[in-house]
Amino acid sequence: MIDPIYSQFILPLIIAIFLAINMGASGTAPSFAAAWGANLIPRNLIPGLFGVMVLVGALLFGKNVAKTLGGSILPVDEMSVILTSIIMLSIALSLFFANLLGVPQSTSQSTVFALAGPALYFDVLQTDKLFFEIIPTWFILPVIAFALTYLVGKFIYKPGSNIAKYEFQTLKQQPILQAMVIISSLYVALSIGANNVANATGPLASMILNELGIMATDKDFKLVIVILVLIIAPAFGIGSSLMGTKVMRATGSKLVELGPVSAMVISLITASLLLIASAAKGIPTSLVQLNTGAILAIGCARSGWKNVFRNYQVHKFWLIWIIAPLLAFGMALTMTWIADKMGIL
């Protein structure tokens, strides 16, 4: 028999697992699209590898992002069971919408917008970190990813270069290159764990400490985060298994066709930027947007700017990136208003 004090946490925990499943589907693409496209890793092994690396990344580097999402936008004392459930359900539904369309979406941006909805409704929105660190990072990091990758891409595809001649079809003859592609895929999954698991664990941890009346000290918060990570991170692998293939195809083949060297460059640059943002500053940011920006940079370096930016798939990605966070914000704000009028908050 579950103690009534803890049974109230079942609903938000279930929603958090549903959210993690959707995050796993979305995060599989930037992690393993290249390795999968090169037939270096069987499809049935990807969810397990992805889930393990996400777990390691969350345990080693995810605490700072969890703290940001657990109290730097919406105060900790507002994190009730009902409100936290509303927030995570809004995030999960917006991400589910993007996954159905086969578009990898920024869970971090949907999470920030979902937290901002109730915070704005109750007039407790904490703006310092949001306006001076989080939002600027969303614009700056993709530009950095694009610029760095474009510079490397111009070197790869310069006239007379032999680097671009490596193709996925001939990768079996290059065992070192094969290993590097696989390692870069695992590295991306690690960086996803450092950032994205916090979208579920951060609000949940603050809710649990708030509902139990425990002061959110760094030690207590870290302990709760570790427990939640061990529960939620494996669901990323489930999401990868259920919905990851469609999103991998959209990212890996519909934007530009990548060679193995280009894929490694993209992985190393974007994962490193995300890891720095996660571990150093605790900023929730978007790997899928960093990844897509880098993919576009490779396309521009190889085929020219016009051929890439008039691609229908690129326009579709941008549109969904705008709609999904706004959808999370609107749902969180609307459900908060309804719950408040019903007197259940």
Scan segment 208-221 and report the pairs whose first residue is over 17 Å from PHE9 (Cα atoms) and whose second residue is assigned to a helix (DSSP H, G or I) and at pLDDT 80 or above, with Cβ atoms within less than 6 Å and a gap of 6+ or a chain change. ALA216/VAL76; ALA216/LEU209
Taking the residues in segment 9-30 that are modelled with pLDDT of 85 or more and not hydrophobic (A, V, I, L, M, F, W, C) as candidates, determine which candidate is surrounded by the most Cβ atoms within 10 Å (Cβ to Cβ). GLY24
From the list SER191, SER161, SER185, exactly one residue is touching a Ser or Thr at 6+ places or on another chain (Cβ under 6 Å) and either part of a helix (DSSP H, G or I) or at pLDDT below 90 (or both). Which is it? SER185
May I ask you to list the residues in segment 47-70 that are buried (at least 24 other Cβ atoms within 10 Å of the Cβ) and over 16 Å from the mean Cα position of the chain (by Cα)? GLY70
Residue by residue through segment 79-98, note down the ones that are surrounded by fewer than 23 Cβ atoms within 10 Å (Cβ to Cβ) and modelled with pLDDT under 90. LEU93, PHE96, PHE97
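Is it true that ASN44 is surrounded by fewer than 19 Cβ atoms within 10 Å (Cβ to Cβ), in a helix (DSSP H, G or I) and among the polar types (S, T, N, Q)? Walk me through how you get there before you give the answer.
Working: surrounded by fewer than 19 Cβ atoms within 10 Å (Cβ to Cβ): yes; in a helix (DSSP H, G or I): yes; among the polar types (S, T, N, Q): yes.
Answer is yes for this residue.
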Residues to consider are PHE61, PHE97; find the one that is under 17 Å from ILE232 (Cα atoms) and among the aromatic types (Phe, Trp, Tyr). PHE61
Restricted to segment 207-234 and to residues being assigned to a loop (DSSP other than H, G, I, E, B) and at pLDDT below 90, the residue surrounded by the fewest Cβ atoms within 10 Å (Cβ to Cβ) is GLY213
What number of residues in segment 84-134 are part of a helix (DSSP H, G or I) and either touching a strand residue (DSSP E or B) at 6+ places or on another chain (Cβ under 8 Å) or of a type in the set (Phe, Trp, Tyr) (or both)? 6
Spans of helices (runs of 4 or more DSSP H) in segment 272-345 with at least 1 residues buried (at least 16 other Cβ atoms within 10 Å of the Cβ) and modelled with pLDDT of 90 or more: 312-342
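What is the residue count in segment 180-228 for residues that are charged (D, E, K, R) and within 18 Å of MET88 (Cβ to Cβ)?
Kept after step one, since they are charged (D, E, K, R), are these residues of segment 180-228: 211, 218-220, 222.
Now restrict to residues that are within 18 Å of MET88 (Cβ to Cβ): 211.
Residues flagged as charged (D, E, K, R) and within 18 Å of MET88 (Cβ to Cβ) within segment 180-228 amount to 1.
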So which residues in segment 177-214 are β-branched (Val, Ile, Thr) and within 23 Å of PHE50 (Cβ to Cβ)? VAL181, ILE182, ILE183, VAL188, ILE192, VAL197, THR201
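The values are calculated or read from the model by the stated rules, or taken from the named source; none is laboratory data. Computed from a predicted model, the values in this text were never measured in an experiment. All Cβ positions, even for glycine, are placed from backbone atoms using ideal geometry, and neighbour counts span all protein chains on display.
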